[in-house]
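The values are calculated or read from the model by the stated rules, or taken from the named source; none is laboratory data. Small disclaimer: the values here were computed from a predicted structure and weren't measured. Neighbour counts run over all protein chains shown; Cβ positions are idealised from the backbone, glycine included. Accessible surface areas use protein heavy atoms only, side chains included; no ligands, DNA or RNA. Shrake-Rupley method; radii C 1.70, N 1.55, O 1.52, S 1.80 Å.
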Amino acid sequence: MRETTLKEIASALGISITTVSKALKNYPDVSDKTKKAVIALAKELDYTPNSFAVNLRTKESKTIGLIIPEVVHHFFSGVVNGIIAEAEKNGYLVIILQSNESLELEKKQVALLINKRVDGILMSLSNESNDDVHIKDILKKEIPFVQFDKISKLIPSSKVIINDQKAAMDAVQHLIDMGCKRIAHIRGLENPQNAIDRFLGYKKALEKNGISFDPALVYSCQSITFEQGVEFAKQILEEEDKGIDGIFVITDLVAVGVLAHFNEKGIQVPNQFAVIGFSNWFVSQVITPKLSTVDQPNYEMGVEAFNLLLEEIVCRKEVRVFEPKTIELKTKVVVRESTMKNK
């Protein structure tokens, strides 16, 4: 069905296209009588503004791009909700893309968003993201850009993060305070910055408490999945000679896999193994025993990320110099049954 144009409304009413446009925008130099006539006819003809033409005039698309590693992950779903809520308040639509932790797909998605002429891009990097040429292309084209959660410290853009090292130290310190002396760490892949920082936080907590770091107690995930947690739980039970009594896990999804296998084998948590995760996923509260974890403010991260992006969009529109900013959100240890062992 063909769309009604401003020219057709103007012709029907015997007025200029400019007058029609001003009437629809409620300009004060158009009489109330004319405004009412224009609005009534526009409604009758089901007129809607041509957003493409508007975008050409304003050089704004009123859309932003969002690239995340996983849509289904509890943490990222909270971030997305925060971004969408703030975007709607400010009249923006969000194009959401999922990289599936793939560098090649991430590159294609960045190129797509640039081609779509989005007003800005928000991104949490994939685990494979060790090649930043595509991200530098965003900056070269002066497209407002904000990283969150999984970031590259080498990219000079605004960022919304947590202090992963401190959060990990707090988690391991809690295990030590509960009496654990041989603490294993199920870590993430070696590439993402947050996995690196959580590993470093684990080591620093041991050092702070005079506990020697033993690389044999570190288990590296090939993928962040429930199944990886099950596999490492099996391995830890087979390696009972290591004397492990506490486990710090990179994220709740993997930690739930650990608890599930321990439950299946009748292992007493926390008396035999105290377990703590990371992210405060809702499942951590419904599994038995309830999982102690580090709470990440995901919704708040989404809100802050969008507002940082909007600040840069406005700044560039007004041709002002924009200095990238980093916002660090606070975390806290949430203590539940999986670590409440008797000292």
Compactness of the stretch 225-343 - radius of gyration and Dmax, Cα, Å: 19.7, 65
Cα→Cβ-extended label distance, 7 Å offset, between Glu3 and Asp46, nm: 1.4
Probe 1.4 Å, protein heavy atoms only - accessible area per residue of the chain in square angstrom: 51
Helix 193-208 axis, angle to the chain major axis (alpha carbon atoms, nearest 10°): 30
Charge sum, other residues only, whose C-beta stays under 15 Å from Asp29's C-beta, Lys/Arg counted +1 and Asp/Glu -1: +3
Computed label-point distance, nm, for sites Ser21 and Leu93 using a 7 Å Cα→Cβ extension: 2.2
Cross-link partners of Lys22 among lysines (Cα-Cα below 27 Å; sequence separation of 8 or more within a chain): Lys7, Lys33, Lys35, Lys36, Lys43, Lys59, Lys62, Lys89, Lys317
Contour excess over end-to-end distance, with Cα ends at Thr34 and Glu328 and 0.36 nm allotted per residue: 100.6 nm
Pairwise centroid distance, computed over Cα atoms, of the stretch 205-227 with the stretch 294-309, Å: 28
Which label in (1) 35, 23, 18; (2) 50, 20, 17; (3) 53, 20, 17 gives the computed semi-axes √(5λ) of the Cα gyration tensor in Å: (3)
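Once you have the Cα-Cα distance between Phe282 and Lys136, take 0.36 nm times their residue separation minus that, and quote the gain in nm to one decimal.
Values: separation 146, 0.36 × 146 = 52.56 nm, distance 3.60 nm.
That works out to 49.0 nm of additional length.
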Cross-link partners of Lys159 among lysines (Cα-Cα below 16 Å; sequence separation of 8 or more within a chain): Lys136, Lys150, Lys325, Lys330
Angle in degrees between helix 298-317 and the longest Cα principal axis of the chain, rounded to the nearest 10: 40
Sum of side-chain charges, Ile68 neighbourhood, beta-carbon under 13 Å (Lys, Arg +1; Asp, Glu -1): -3
Sorted peptide list for 23-30, 242-249, 309-316, criterion being average Cβ within 10 angstrom, highest first: 242-249, 309-316, 23-30
Cut-off 12 Å between beta-carbons: net charge of the residues surrounding Asn115, Lys and Arg +1, Asp and Glu -1: +3
CD proxy at 222 nm, helix term only [per DSSP H run n ≥ 4: -39500 (n - 2.57); per residue of the chain; nearest 500]: -13500 deg cm²/dmol
Inter-centroid distance (Cα atoms) of the stretch 233-283 relative to the stretch 78-115, Å: 34
Partners for Lys204 among lysines (Cα-Cα distance below 18 Å; same-chain residues under 8 apart left out): Lys166, Lys181, Lys332
